[in-house]
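Beneath this line is the structure, given in structure tokens, with notes to follow.
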Amino acid sequence: MSEDMNKPLTDLISLTIDGQEIEAEEGQTIVQAAQKNGIYIPTLCALHADKENGLKYDLAPGTCRICTVKANGRTTAACTTPVSQGLVVENDTPELNDLRKTIVELLFVEGNHFCPFCEKSGSCDLQALAYRYQMLTPRFHYAFTPRKVNADMPKLLWDGNRCILCRRCVLAIRTEEGEPLFVFANRGDKSTIIVDTELIQDISEELAQQAMDICPVGAIIRKEKGFDTPFGQRKYDHSPIGSISSISSDMTCSSGENKTGGEKS
Amino acid sequence: MAQKITIEPVTRVEGHGKVTIHLDDNHQVTESRLHIVEFRGFERFVCGRPFWEAPVLVQRLCGICPVSHHLAAAKAMDMLIGAGDGNGLTPVAEKMRRLMHYGQIFQSHVLHFFHLASPDLLFGMDADPERRNVIGVILEHPELAKQAVLMRKYGQEIIAATAGKKIHGTGAIPGGINKNLSLEERDAFLNGINGNPDLSADKMIEWSESALALLLDYHSSHTDFLDGFAAFPSNHLSLVRPDGALDLYHGVIRAVDAQGKRIVNDVDSRDYLDVVEEEVRSWSYMKFPYIKELGKENGWYRVGPLARLNVCDFIPTPKAQQELERFRAYTKGKPNNMSMHYHWARLIETLHAAEMMKELLLDPDLQKTDLVTKGERCGEGIGLLEAPRGTLFHHYQVNEQDLITMCNLIVSTTNNNEPMNRAVNAAAVAQMTGKAEITEPMMNAVEVAIRAYDPCLSCATHAMGQMPLEVTLYDAAGAVVDQQRKGM
């Protein structure tokens, strides 16, 4: 389905998001249309393909629901709902933002997210959204769910404590033949990500880096490269999530380059 | 009637501790103890985490000198990934770390002397507690207070420029560092941060000298107090550079006894387990380390500024070396065993740190770009350094999957556990013996003895060894089928 969304489309339709009239191509999702028009709708699972993240097509798994909007008055996930002529979308409203904040809070208490020593801190979408929605104090009880760490693979480490089951890695990290390296296992609250133990052995440097970069949290991290991005060069050090620069280029943080005299945070 | 006095919490120290003093019917002190009442458990919960997280995770033991833990863990990880034993890094990596460390030593010593200890000296141990605090210092000695704030700021800004943040940075990574120092940052530190000439490298040296002059002046008018209060002979242990120079970042383990006789002779820091052992006592979460060869009774030692100046042969910066000579001459070349002289030694080290920061800032290696080294990976990492409060030991074992399986930390303050307990007892005996009434100044005197050691009680708490556990399996008739024991 995702590949179909990227086919060139020419029929333009018009819709409004928060009263702003925009044009979109038929077949695009609300998230894609908004992105194209510089309107921010938060996402943790959906991801726009660009040069930086190396994706060939946009991801729209529809798992996290943080992009929930009202389309013609009905709540729906904006990353899976296609646009239609005359559609009226409510996005940046107090009610929806409060719902989104709740989703962020629930994700935090469900996993074991310790930002202080997570190397994705400063480049983490979940953390950035917690700042955006001013998550100042825990409203829900921590679940303290026992989660596993899978370090039994080369180049990468998967930390279940931080995984939010967004499905980005499942969809995007594949061999040249299209076989997935990460897959879902189990169901419901037992759901987890498992790794193809054979395919992962030959993962390239580039694919390993891409896996870390597209992970919206710190669940997939490169081995032995930890913390090589200094403060001041992390993804959200200078522009918070949802600002103009972070919409136009969703993957501004690449590690390992231009380290001379990084700015202080 | 026998009496038990409890001082809780001990104030103007880092972390939480309490003191108990037992007096008998004749008002004689029978026993005094410094208890560490917090339990932390970092050694346990770092297990299962990837090794490169350790320098960032373990530093959260403390908000005062996290840099020490950050660097000790990073040094251990250097060894693990085959980047040498504190000497295999690229020049920019080692010098950036040293700059970070001396910035840390500087700010921590300044914090301790001015903010925590100086009220006792400026106002007297028996002054009104409402005046005898840092606010009192600001109100009555505003120039001194301003210097203290700016000196601490300078050290903190050095940390921010090298570690990324003032508290809990990420600068040191296994095998090196994640940034160098830009020319703009260097020039700001040399000439004055934000164009403020009071925040320049030379000003830090000047103010360190004046702080030392202040203490020496105080000493001349309070000689008996500084020399006699809570003084007792002990062994002294610290790292020194292999040529005997004071080196707070890396060195070999050396110890001398109260007379200056060498009792640990320049042992490689990786062999620390051959030198020290730890004892657990039931009433404190802080362990009691001792020099293995001398045993529990005689092997305890002091660490920190006083011990370091007793152990080293010389200080490799000119002004601090001159002060060391004066310090050594006072005890005629013998080790200095006076607890209150910790302050003197601490201020000499402050001056040394200021000189070192300037020397490093002028070094063009700091602008180089080869930040990380790697070598052959092994399964174990040991990193020692001299933290502001003394020798800090970090030891990790890591499995083939890169996860930490064992962590042993001997934190600076832990080394001073026995000396602090002795200092508490000495102060209690001197102040309280035979007194019918125990007053607030008497209790503060006990705290003054502890404060001289600048303890950081928050990171010195420790797991109490193996948890003893016995499991017995009975059958339905009540007969023992199986019995398993652990740690007993």
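Looking at the range A:198-218, which of its residues are away from chain B (no Cβ under 13 Å) and in a loop (DSSP other than H, G, I, E, B)? The answer is A:198, A:203, A:204, A:215, A:216, A:217. Screening the candidates B:135, B:105 for the property of being in contact with a helix residue (DSSP H, G or I) (Cβ under 8 Å, 6 or more places away or on another chain) and within 30 Å of residue B:226 (Cβ to Cβ) yields one hit, B:105.
None of B:151, B:79 is in contact with a strand residue (DSSP E or B) (Cβ under 6 Å, 6 or more places away or on another chain) and more than 14 Å from chain A (Cβ to nearest Cβ) except B:79.
Residues considered: A:170, A:183. Of these, the only one that is assigned to a strand (DSSP E or B) and either away from chain B (no Cβ under 14 Å) or charged (D, E, K, R) (or both) is A:183. Residues in the range B:158-185 that are in contact with a helix residue (DSSP H, G or I) (Cβ under 7 Å, 6 or more places away or on another chain), assigned to a helix (DSSP H, G or I) and within 9 Å of chain A (Cβ to nearest Cβ) were compared, and the one that is farthest from residue B:62 (Cα to Cα) is B:183.
Note on the range A:106-124: among residues that are closer than 14 Å to residue A:189 by Cβ and out of contact with any Pro (no Cβ under 8 Å at 6 or more places or on another chain), the one that is farthest from the other protein chains (Cβ to nearest Cβ) is A:106.
Residue-wise test of (1) surrounded by fewer than 18 Cβ atoms within 10 Å (Cβ to Cβ); (2) in a helix (DSSP H, G or I); (3) in contact with a strand residue (DSSP E or B) (Cβ under 6 Å, 6 or more places away or on another chain).
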| residue | (1), (2), (3) |
| --- | --- |
| B:106 | no, yes, no |
| B:112 | no, yes, no |
| B:117 | no, yes, no |
| B:121 | no, yes, no |
| B:125 | no, no, no |
| B:143 | yes, yes, no |
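Residues that are at pLDDT 95 or above number at least 3 in the following helices (runs of 4 or more DSSP H) confined to the range B:280-335: B:305-311, B:318-330.
Here residue B:401 passes the criteria (1) over 27 Å from the mean Cα position of the chain (by Cα); (2) of a type in the set (S, T, N, Q); (3) more than 14 Å from chain A (Cβ to nearest Cβ) except the one numbered (3). Evaluated against (1) surrounded by 22 or more Cβ atoms within 10 Å (Cβ to Cβ); (2) of a type outside the set (Phe, Trp, Tyr); (3) touching a strand residue (DSSP E or B) at 6+ places or on another chain (Cβ under 6 Å), residue B:388 falls short on exactly one condition, (3). Scoring residue A:72 on the criteria (1) under 30 Å from residue A:142 (Cβ atoms); (2) surrounded by fewer than 17 Cβ atoms within 10 Å (Cβ to Cβ); (3) free of Cβ contacts under 8 Å to residues at least 40 places away in the same chain leaves a single failure, condition (1). Out of the residues in the range A:221-244 that are in contact with a strand residue (DSSP E or B) (Cβ under 8 Å, 6 or more places away or on another chain) and in a loop (DSSP other than H, G, I, E, B), state the one that is farthest from residue B:403 (Cα to Cα). Per the criteria, the residue is A:228. The requirement of being touching a His at 6+ places or on another chain (Cβ under 7 Å) and within 14 Å of chain A (Cβ to nearest Cβ) is fulfilled nowhere in the range B:194-204; no residue meets it. Being out of contact with any Lys or Arg (no Cβ under 7 Å at 6 or more places or on another chain), within 30 Å of residue B:72 (Cβ to Cβ) and within 14 Å of another protein chain (Cβ to nearest Cβ) is a condition met by at least one residue of the range B:102-123.
No other residue among A:130, A:143 is within 25 Å of residue B:168 (Cα to Cα), surrounded by fewer than 22 Cβ atoms within 10 Å (Cβ to Cβ) and of a type in the set (A, V, I, L, M, F, W, C) apart from A:130.
The values are calculated or read from the model by the stated rules, or taken from the named source; none is laboratory data. Just so you know, these numbers come straight off a predicted model, no measurement behind them. Neighbour counts are summed over all protein chains in view; Cβ atoms, including those assigned to glycine, are modelled from backbone coordinates with ideal geometry.
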